[in-house]
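Undergrad: The structure's right below; bear with me while I get my questions together.
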Amino acid sequence: MAKKGRVFSGARPTGRQHLGNYLGAIKNYVALQDDYECVYCIVDLHALTTVDTTENLRQNTYEMALDWLAAGIRPEETIMFVQSQVPEVTELHTILSMVTPLGKLTDLPTFKEKVRENPDNINYGLVGYPVLMTADIVLYKSDVVPVGVDQAPHLEFARETVRSFNYRFNTKALIEPQMKNTEIPKVLGIDGVQKMGKSLNNHIELASSPDDTRQRVMQMVTDPQRMKRTDPGNPDVCNVFTMHKIFSSAEEVEMVNAECRRAGIGCVDCKKRFAANLNNSLAPFRAKRDEIGANPDAVWDVLHDGAKRARMIAQKTMDDVREAVQLPR
Ligand code: ADP
């Protein structure tokens, strides 16, 4: 079947992935493969902008790639690779930075947030983060980029950058990517309040053992108003119930919903049920992960092969860009 175009997405190497990454990104990555030619990039250069994520960078790259493969990324058709293995991206980043007003970068909400998060490490790379992201997207002649609301300003920035570049150099070398607004759920952590993430240690890893998963689930915060087992609960404000809706059967969801409201089922029982269903859902992923992970070289081979294929597209783009800018052939 003819594909609808090329999708690009990148994510920083954060190691073993959690439920938030899965529901918010990976699941969609897997589904998009049916309709689009997909290019998925582990953006290790972007990770270098924040000091804490560079520890174990290579191992984190590997673990993330392994999770993507186990979750259903098909490397025979999808290009899956590591950003730094296609060095053309840094050249394009430099060239694009010349058409980027500095104030536009420092005005971006994501930049301001990074400054708040890392007040002691406001490096040059951090300011240029969206320029590098633009380089990633356009280097691979991507038509479509799936984005959640928080990334929308970055994509708009990328589109504007493409327009300025093409206008300034009177060229069509770069393709303006379309935004594919993705309904990205905000998965809450086990605290039931904040977004699930590694830095807050409120996450549930996909690759954990069933026992560890159960323990984590048992720590999940439920309806804060429900103090005693005999109190009726409110599933509408309970993160465990939100998860039930994703991982449990329709009948069980209905039962939990009704029984919680009349205190027929307690939070402990509810969480045990969710843990069992979550472990069941993740069993095929975990089995596949063990199988693929038995040969780490094969995972690196997938990434090297992806980089080779990505580089062929990248070199073609850079020929056009160099031509437009009048750098020597
Ligand atoms: P990055 O900085 O590359 O986005 P993250 O690890 O923060 O790295 O996120 C990787 C992907 O997983 C992103 O697409 C992000 O939206 C998604 N994601 C991460 N945490 C959550 C969460 N708690 N809920 C929904 N999606 C999430």
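Undergrad: List the number of the failed condition for Val127; all other conditions in (1) within 14 Å of the ligand (Cβ to nearest atom); (2) open to solvent by 10 Å² or more (accessible area, probe 1.4 Å) hold.
TA: (1)
Undergrad: Same structure again: Restricting attention to segment 145-175, and to residues there that are buried (at least 16 other Cβ atoms within 10 Å of the Cβ) and of a type in the set (Phe, Trp, Tyr), which single residue is farthest from the ligand (Cβ to nearest atom)?
TA: Phe169
Undergrad: For segment 176-194, give me each residue that is outside any loop (DSSP other than H, G, I, E, B) and more than 11 Å from the ligand (Cβ to nearest atom).
TA: The answer is Gln178, Met179, Lys180, Asn181.
Undergrad: For segment 1-57: of the residues being in contact with an Asp or Glu (Cβ under 7 Å, 6 or more places away or on another chain) and more than 14 Å from the ligand (Cβ to nearest atom), which is least open to solvent (accessible area, probe 1.4 Å)?
TA: Checking each candidate, the answer is Gln33.
Undergrad: If you take the residues of segment 80-95 that are open to solvent by 10 Å² or more (accessible area, probe 1.4 Å) and in contact (Cβ under 8 Å) with a residue 24 or more places away in the chain, which of them is farthest from Leu32 (Cα to Cα)?
TA: So, considering only residues that are open to solvent by 10 Å² or more (accessible area, probe 1.4 Å) and in contact (Cβ under 8 Å) with a residue 24 or more places away in the chain, the one farthest from Leu32 (Cα to Cα) is Ile95.
Undergrad: Next question. Does Thr100 satisfy the condition of being open to solvent by 10 Å² or more (accessible area, probe 1.4 Å) and modelled with pLDDT under 95?
TA: Judged against the criteria, Thr100 is not a match.
The values are calculated or read from the model by the stated rules, or taken from the named source; none is laboratory data. What you see is a predicted model; the values in this text were computed from it and never measured. Reconstructed Cβ throughout: ideal geometry from the backbone, glycine too, with neighbour counts over all protein chains shown. With ligands, DNA and RNA removed, areas are computed over all heavy atoms of the protein, side chains included. Shrake-Rupley method; radii C 1.70, N 1.55, O 1.52, S 1.80 Å.
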